[in-house]
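The values are calculated or read from the model by the stated rules, or taken from the named source; none is laboratory data. Worth saying up front: this structure is predicted, and the values here are computed from it rather than measured. Here the Cβ is made from the backbone with ideal geometry for all residues, glycine too, and neighbour counts use every protein chain on show.
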Amino acid sequence: MASSLWKILNYSWISVNIYQILQLVILLFLLILAVKFATFYSRWKYLKSVLQSFPGPPGHWLYGHVNQFRRDGKDLERLMVWAEQYPKAFPLWIGKFVTSLIITHPEYAKAVFGRPDPKTPTGYNFLVPWIGKGLLVLSGDTWFHHRRLLTPGFHYDVLKPYIQLFSDSTKVMLDKWDSLCNKDESVELFQYVSMMTLDSIMKTAFSYHSNCQTDNDGSYIQAVYDLSLLTQLRIRTFPYHNDLIFHLSPHGFRFRKACRIAHRHTEKVIEERKKLLKDGEEMEKLMQKRHPDFLDILLCAKDENGQGLSDEELRAEVDTFMFEGHDTTASGISWILYCMAQYPEHQKKCREEIKVLLKERESMQLEDLSRMPYTTMCIKESLRLYPPVPSVSRQLAKPITFSDGRSLPAGCMVSVNIYCMHRNSSVWKDPEVFDPLRFSPENSSKRHSHAYAPFAAGPRNCIGQNFAMNEMKVAVALTLKRFELSPDLSKPALKQPQLVLRSKNGIHVYMKKAS
């Protein structure tokens, strides 16, 4: 009897304690939730107050403006409507608690680009699992240290021998197009150009002959596409700003799988070069055949204290340049060729200029790049209408005051929308018209210094812009020398910002052999 009573009392005590523990857990959860809500509400009130002088489009009470972006190829046009309604700058809300001031005027862009502010944590930090903490996402003294170590990799003497390699990679692509031209079906450019620019960067920056164009190994290209798409999706999906929620989602699983593919690709390149460096005799033979490339400079770079890059920093820079050096350039070349197809009168002038310059030659030399002024103006005009990186973001390290007296405190996020700025009707006359003469020396000298910024500007401008421009000139010139391009009117390109500017339905043109 006493034993049974003890069991009953013991069970009751355990039940009471479990009940109390559950009550405490629920209470703690509600307390955390209340603190979170109070924090978010306080932040919302603060952001609303600091942005009072910047009117903007009305947004949803919960989603902000995110639900108005439908990824249907018309999102940039929606932004352009707002840019006209709210000149210079307006706030864009991602949900209720995250906002960025969208800048669409060069005077405002000048104020932002003139400072070495860090990239915004919302967005760029989402890239870290993929490209690591390389030059794109670093800030402060670490960014300055890396920038100084990497700058020699883009010296004139380093870039000079790349022109022949650009030509070689472009010719492989053009040979593939030979079998596709003069047909009733149009060619989707982006997939071929991406393979070509990946082949180019492997040959030039890493002296690695992957044969990816002929082997048709598109695993890395597809991984980069997935990573770009998922990063953009994560930026626009407020719950995905939380690492745990994103990692547990199907999109997080897909992101990690693509990361593994991209990392295997770059690790293979680095490991093979490190083996060569250890074998001094083999490395010496190799260096007699070629100039030091970007990877050589990365592996050997040291500052005045003898400090180089760690293995983690090295892979981050290789991953960063592998992505930026091929994907942004692929976007630029694809949209330039799209413009050439859309505007045959300008295409014809470029072809005539190129034929006079190259005559019977099938490859280009460094000196050729400065002897094709009309083609260069067309390239610049294409980059104005279709900038490869349509927007760049910063988080203000210090308060900023713009030229019209409006200001923002430190900590605010700003985004220079290059696409909208390049089409700003208060800066560009008839901005939707394709007019290469905007970039004549005379017209360029009259324009605002920051009206045109396809590679950003200021201390955090694109370190590889000369590399990119050289490759674009080579690819466009050799393509127009061999082919005539015309638009596929049944498949107009639907612009889609996805880290770089892509098309939702691809970029399609018809091709035929140039006469």
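Of all residues in segment 439-456, which are closer than 21 Å to M80 by Cβ and touching a residue at least 60 places away in the same chain (Cβ under 8 Å)?
Across segment 439-456, the qualifying residues are H448, H450, A451, Y452, A453, P454, A456.
Restrict the check to segment 187-206 and report whether at least one residue is among the aromatic types (F, W, Y), free of Cβ contacts under 8 Å to residues at least 60 places away in the same chain, loosely packed, with under 13 Cβ neighbours inside 10 Å and in a helix (DSSP H, G or I).
No: zero hits.
Hey, any hits in segment 91-98 for a residue that's among the basic types (K, R), within 30 Å of G405 (Cα to Cα) and touching a Phe, Trp or Tyr at 6+ places or on another chain (Cβ under 8 Å)?
In the first step, residues of segment 91-98 are kept if they are among the basic types (K, R); the result is 96.
If we keep only those that are within 30 Å of G405 (Cα to Cα) as well, we get 96.
Of the ones still in play, those that are also touching a Phe, Trp or Tyr at 6+ places or on another chain (Cβ under 8 Å) are 96.
Checking segment 91-98: at least one residue is among the basic types (K, R), within 30 Å of G405 (Cα to Cα) and touching a Phe, Trp or Tyr at 6+ places or on another chain (Cβ under 8 Å).
Which count do you get for residues in segment 344-357 that are over 12 Å from K473 (Cβ atoms) and surrounded by fewer than 19 Cβ atoms within 10 Å (Cβ to Cβ)?
Looking only at that region, the number is 7.
Pick from D141, D157: which is among the charged types (D, E, K, R), surrounded by fewer than 22 Cβ atoms within 10 Å (Cβ to Cβ) and either touching a Leu at 6+ places or on another chain (Cβ under 7 Å) or under 15 Å from R460 (Cβ atoms) (or both)?
D141
Each row is one residue, and each column tells you yes or no for (1) out of contact with any Ser or Thr (no Cβ under 9 Å at 6 or more places or on another chain); (2) aromatic (F, W, Y); (3) surrounded by fewer than 20 Cβ atoms within 10 Å (Cβ to Cβ); (4) not in a loop (DSSP other than H, G, I, E, B).
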residue	(1), (2), (3), (4)
R78	yes, no, yes, yes
L92	no, no, no, yes
T99	yes, no, no, yes
H145	yes, no, yes, yes
R148	yes, no, yes, yes
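Kindly establish whether L127 is in contact (Cβ under 8 Å) with a residue 12 or more places away in the chain, in contact with a Ser or Thr (Cβ under 7 Å, 6 or more places away or on another chain) and among the aliphatic types (A, V, I, L, M).
For L127, the condition - in contact (Cβ under 8 Å) with a residue 12 or more places away in the chain, in contact with a Ser or Thr (Cβ under 7 Å, 6 or more places away or on another chain) and among the aliphatic types (A, V, I, L, M) - is met.
All but one of (1) surrounded by 19 or more Cβ atoms within 10 Å (Cβ to Cβ); (2) in contact (Cβ under 8 Å) with a residue 40 or more places away in the chain hold for S219; state the number of the condition that does not hold.
Only one criterion is unmet by S219, namely (1).
Looking for something closer than 19 Å to L408 by Cα and polar (S, T, N, Q) - is there at least one such residue anywhere in segment 16-39?
No, segment 16-39 has no match at all.
Going by the conditions given, is V128 farther than 29 Å from D215 by Cβ, modelled with pLDDT of 90 or more and not small (G, A, S)?
The answer is yes for V128.
From the residues in segment 467-489 that are of a type in the set (A, V, I, L, M, F, W, C) and not in a helix (DSSP H, G or I), which one is surrounded by the most Cβ atoms within 10 Å (Cβ to Cβ)?
F483
Listed here are the residues, each with its yes/no results for (1) outside any helix (DSSP H, G or I); (2) touching a helix residue (DSSP H, G or I) at 6+ places or on another chain (Cβ under 6 Å); (3) of a type outside the set (V, I, T); (4) modelled with pLDDT under 90.
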| position | (1), (2), (3), (4) |
| --- | --- |
| H247 | no, no, yes, no |
| R260 | no, no, yes, no |
| H265 | no, yes, yes, yes |
| E281 | no, no, yes, yes |
| L286 | no, no, yes, yes |
| G325 | no, yes, yes, yes |
| T328 | no, no, no, no |
| G332 | no, yes, yes, no |
| A341 | no, no, yes, no |
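Given the structure, is N67 closer than 28 Å to R256 by Cα and free of Cβ contacts under 8 Å to residues at least 12 places away in the same chain? Explain how you work it out, then say what you get.
On the way: closer than 28 Å to R256 by Cα: yes; free of Cβ contacts under 8 Å to residues at least 12 places away in the same chain: yes.
Yes; evaluated as a whole, the condition is true for this residue.
Considering only residues that are aliphatic (A, V, I, L, M) and surrounded by fewer than 17 Cβ atoms within 10 Å (Cβ to Cβ), look in segment 389-444 and name the one that is nearest to the chain's Cα centre (by Cα).
Among them, the one singled out is A397.
Which one of these is over 25 Å from N470 (Cβ atoms), free of Cβ contacts under 8 Å to residues at least 60 places away in the same chain and not basic (K, R): P344, P399, P409? So that I can check it myself, show each step before the final result.
Working: P344 fails: free of Cβ contacts under 8 Å to residues at least 60 places away in the same chain; P409 fails: free of Cβ contacts under 8 Å to residues at least 60 places away in the same chain.
The match here is P399.
Run down G114, G140, G132, G153 and say which single residue is touching a residue at least 60 places away in the same chain (Cβ under 8 Å) and on the phi > 0 side of the Ramachandran plot.
After ruling out the rest, the residue left standing is G132.
Which of the residues spanning segment 445-470 are basic (K, R) and within 17 Å of the chain's Cα centre (by Cα)?
Across segment 445-470, the qualifying residue is only R460.
Can we say T320 is part of a helix (DSSP H, G or I) and touching a Leu at 6+ places or on another chain (Cβ under 6 Å)?
Criteria met by T320.
Applying the selection to segment 490-513, what residues are touching a Ser or Thr at 6+ places or on another chain (Cβ under 7 Å) and assigned to a strand (DSSP E or B)?
K495, Q496, P497, Q498, V500, L501, R502, H508, V509, Y510
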